[in-house]
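Below: the structure, in structure tokens.
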Amino acid sequence: MSVYPAALAPSRAVVPAAPSASSAELPVLGRDVRVPVLSGELPYAALDYAASAPALQRVWDDVAAYLPYYGSVHRGAGYLSQLSTELFEASRATVAAFLGCRDGDQVVFTRSTTDSLNLLAAVLPAGTRVFVFETEHHAALLPWERRPDVTVTYLDAPRSPREAVGVLEAALATRGDDGPALVCVTGASNVTGEVWPVRELAAAAHRHGARIALDAAQLAPHRPVSVTDLGVDWVAFSGHKLYAPFGAGVLAGRADWLTEAEPYLAGGGASRTVARRAGGGIDVAWHTSAARHEAGSPNVVGAHAIASACKALTEAGFGALVAREERLLGRLREGLAAIPAVTVLSLFGEDSDRVGVLSFTVAGQDSSAFARELSARYGIGVRDGLFCAHPLVRTLLGTDRDEPAGCHEPADGVPAGSPLHAIRVSFGAGTPEEHIERFLTAVAELTAG
């Protein structure tokens, strides 16, 4: 029998009919926050969802309802411990369903996408060949070389989805052995918002005996992600980009490498039994479930928040959410195209499929100064810089050096007038149309004369 009180019972929510595209905006926290601007105060326009999305009202309500019942997980016989344990494991099941996991897949709760991919790097079999495009976020680009017994091949930036598949096929065809291999690829770029051909890349990897990990940090908040349908072996994402900013992430997928490797962290929770060894030392039997890599007291609030966000997105219906986002994205692209000074960055071309993430440069403008003006004068929050994807942004900008720290002069080897950084605007299910319109008005005014 479930230990849930009525206020927390998982079955309490009634799944509504999918809303229309015009009503698919989801309530988020922060809509009423006012921020100081040069002329007084304005409601804050949060257009930095690609970094951290605001919490859904539904997520906050679910977390607030649980917190009075907060207790230790897998640690106690008391009522609150039992409830917290059941809530934690129910969250795992909800995430597995949201991701379309296969029978036997594991869902491991981590701190973030970065933590998830570092965990995956830690459990790779010795001798694994890793193939990763230089276009990846640093979370997917950097963990692999920390393993001296793993070989990493960095693939050049492709200029179309079809070329991406061809580049990967060619690289895998020359790896020269039948040892373990892993491909890591993004689902949607955190710089351009462009959607990658994940299903085709997964098929290419499997044709050559490789496995594939999907960085879904930017894809999962915008599109349905199914391990089964896409054919990937693992998927990683962060709660704070999925409207659940409570410090948790997910690595979900095949169990064998996770089970065969040493625990990511050694400690309570990961160990099943620990005993003194005759003659000295310690013998440990580790769990073979997801707990093997969840040592320490787990972030039950973060896991519950992620599960709540998964439910909210599922109940809203991705069809309606995607339709609304595409309408807002179309308006954003149309508005920026009408401003001569603006150049939108793209790897796959103007007609490529995108989620609500877009980066651009402004002729003659320093990106950091421009972003500050958007905040100071219009109450708009965007991102500027290289977005933790330095090789990709430099490829898109045609530069190969970063700006010297504390200096706004061009770096050596960068043509005069070349932008060194970009500006990124990103939005999602909680973005009002007014925020897009205010942003377009602000960019037009800041670039006029």
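The values are calculated or read from the model by the stated rules, or taken from the named source; none is laboratory data. Keep in mind that this is a model prediction, so the values were computed, not measured. Because the Cβ atoms are built from the backbone with ideal geometry, glycine has one as well, and the counts that use them run over all protein chains shown.
Please enumerate the residues belonging to the stretch 38-89 that are acidic (Asp, Glu) and closer than 30 Å to VAL195 by Cα. First the steps, then the outcome.
Narrowing the stretch 38-89 to residues acidic (Asp, Glu): 41, 48, 61-62, 86, 89.
Scanning the stretch 38-89 gives a single hit, ASP48.
Identify, from the list ALA290, ALA285, ALA295, the residue that is closer than 22 Å to GLY76 by Cα, touching a Leu at 6+ places or on another chain (Cβ under 6 Å) and not charged (D, E, K, R).
Numbers: ALA290 fails: touching a Leu at 6+ places or on another chain (Cβ under 6 Å); ALA285 fails: touching a Leu at 6+ places or on another chain (Cβ under 6 Å).
Matching residue, one of ALA290, ALA285, ALA295: ALA295.
Just the residues that are among the aliphatic types (A, V, I, L, M) and part of a helix (DSSP H, G or I), please, taken from the stretch 419-449. Talk me through it step by step, then tell me what you get.
Of all residues in the stretch 419-449, those among the aliphatic types (A, V, I, L, M) come to 420, 422-423, 425, 429, 436, 440, 442-444, 446, 448.
Residues satisfying the conditions are ILE436, LEU440, ALA442, VAL443, ALA444, LEU446.
Being free of Cβ contacts under 8 Å to residues at least 60 places away in the same chain and either outside the structural domain of GLY428 (by TED's automatic domain parsing) or surrounded by 17 or more Cβ atoms within 10 Å (Cβ to Cβ) (or both) narrows it down to one residue among GLY231, GLY269; which is it? Spell out the reasoning first.
Values: GLY269 fails: free of Cβ contacts under 8 Å to residues at least 60 places away in the same chain.
None of the other options fit; the residue is GLY231.
So SER81 clears everything in (1) free of Cβ contacts under 8 Å to residues at least 40 places away in the same chain; (2) part of a loop (DSSP other than H, G, I, E, B); (3) not charged (D, E, K, R) except one condition, right? Which one?
(2)
Being touching a residue at least 60 places away in the same chain (Cβ under 8 Å) and surrounded by fewer than 11 Cβ atoms within 10 Å (Cβ to Cβ) is the filter here; which residues of the stretch 24-40 pass it?
The answer is LEU38, SER39.
ALA51: aliphatic (A, V, I, L, M), part of a helix (DSSP H, G or I) and surrounded by 15 or more Cβ atoms within 10 Å (Cβ to Cβ), yes or no? Let's see the steps before the verdict.
Details: aliphatic (A, V, I, L, M): yes; part of a helix (DSSP H, G or I): no; surrounded by 15 or more Cβ atoms within 10 Å (Cβ to Cβ): yes.
No, not satisfied.
Per-residue answers, yes or no, for (1) touching a strand residue (DSSP E or B) at 6+ places or on another chain (Cβ under 9 Å); (2) over 28 Å from LEU265 (Cα atoms):
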{"site": "VAL37", "(1), (2)": "no, yes"}
{"site": "TYR49", "(1), (2)": "yes, yes"}
{"site": "TYR66", "(1), (2)": "no, no"}
{"site": "TYR69", "(1), (2)": "no, no"}
{"site": "VAL73", "(1), (2)": "no, no"}
{"site": "ALA77", "(1), (2)": "no, no"}
{"site": "VAL95", "(1), (2)": "yes, no"}
{"site": "CYS101", "(1), (2)": "yes, no"}
{"site": "GLY104", "(1), (2)": "no, no"}
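Of all the residues that make up the stretch 234-263, how many are without any contact (Cβ under 8 Å) to a residue 24 or more places away in the chain and surrounded by 24 or more Cβ atoms within 10 Å (Cβ to Cβ)?
The number of residues fulfilling the criteria is 0.
Residues that are modelled with pLDDT under 95 and in a strand (DSSP E or B): does the stretch 291-300 have at least one?
No; the residues of the stretch 291-300 include none that is modelled with pLDDT under 95 and in a strand (DSSP E or B).
I'd like to check which helices (runs of 4 or more DSSP H) are fully inside the stretch 146-263 and have at least 2 residues that are modelled with pLDDT of 95 or more and aliphatic (A, V, I, L, M). First the steps, then the outcome.
On the way: elements: 161-173, 198-207, 227-230, 256-260.
Filter on the stretch 146-263 gives 161-173, 198-207, 227-230.
Output yes when any residue across the stretch 273-296 is touching a Gly at 6+ places or on another chain (Cβ under 8 Å), among the hydrophobic types (A, V, I, L, M, F, W, C) and free of Cβ contacts under 8 Å to residues at least 40 places away in the same chain, and no when none is.
yes
Considering only residues of the stretch 309-346 that are farther than 18 Å from GLY239 by Cβ and among the β-branched types (Val, Ile, Thr), which is surrounded by the fewest Cβ atoms within 10 Å (Cβ to Cβ)?
Filtering first and then ranking leaves VAL344.
This table checks each residue for (1) out of contact with any helix residue (DSSP H, G or I) (no Cβ under 7 Å at 6 or more places or on another chain); (2) assigned to a strand (DSSP E or B); (3) of a type in the set (Val, Ile, Thr).
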{"residue": "ALA305", "(1), (2), (3)": "no, no, no"}
{"residue": "GLY319", "(1), (2), (3)": "yes, no, no"}
{"residue": "ARG327", "(1), (2), (3)": "no, no, no"}
{"residue": "PHE360", "(1), (2), (3)": "no, yes, no"}
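Could you tell me which numbered condition PRO432 fails, if it satisfies all but one of (1) modelled with pLDDT of 95 or more; (2) in contact with a strand residue (DSSP E or B) (Cβ under 7 Å, 6 or more places away or on another chain); (3) not hydrophobic (A, V, I, L, M, F, W, C)?
(2)
Among the listed residues SER72, SER116, which satisfies the condition of being among the hydroxyl-bearing types (Ser, Thr, Tyr) and modelled with pLDDT under 95? Give the derivation first.
Numbers: SER116 fails: modelled with pLDDT under 95.
Exactly one residue qualifies, and that residue is SER72.
Examine the stretch 200-207 for a residue that is free of Cβ contacts under 8 Å to residues at least 40 places away in the same chain and closer than 25 Å to ALA323 by Cα, and state whether such a residue exists.
yes
Return only the number of the condition from (1) out of contact with any Phe, Trp or Tyr (no Cβ under 8 Å at 6 or more places or on another chain); (2) closer than 21 Å to THR192 by Cβ; (3) not aromatic (Phe, Trp, Tyr) that THR174 does not satisfy.
Here THR174 clears every test but (2).
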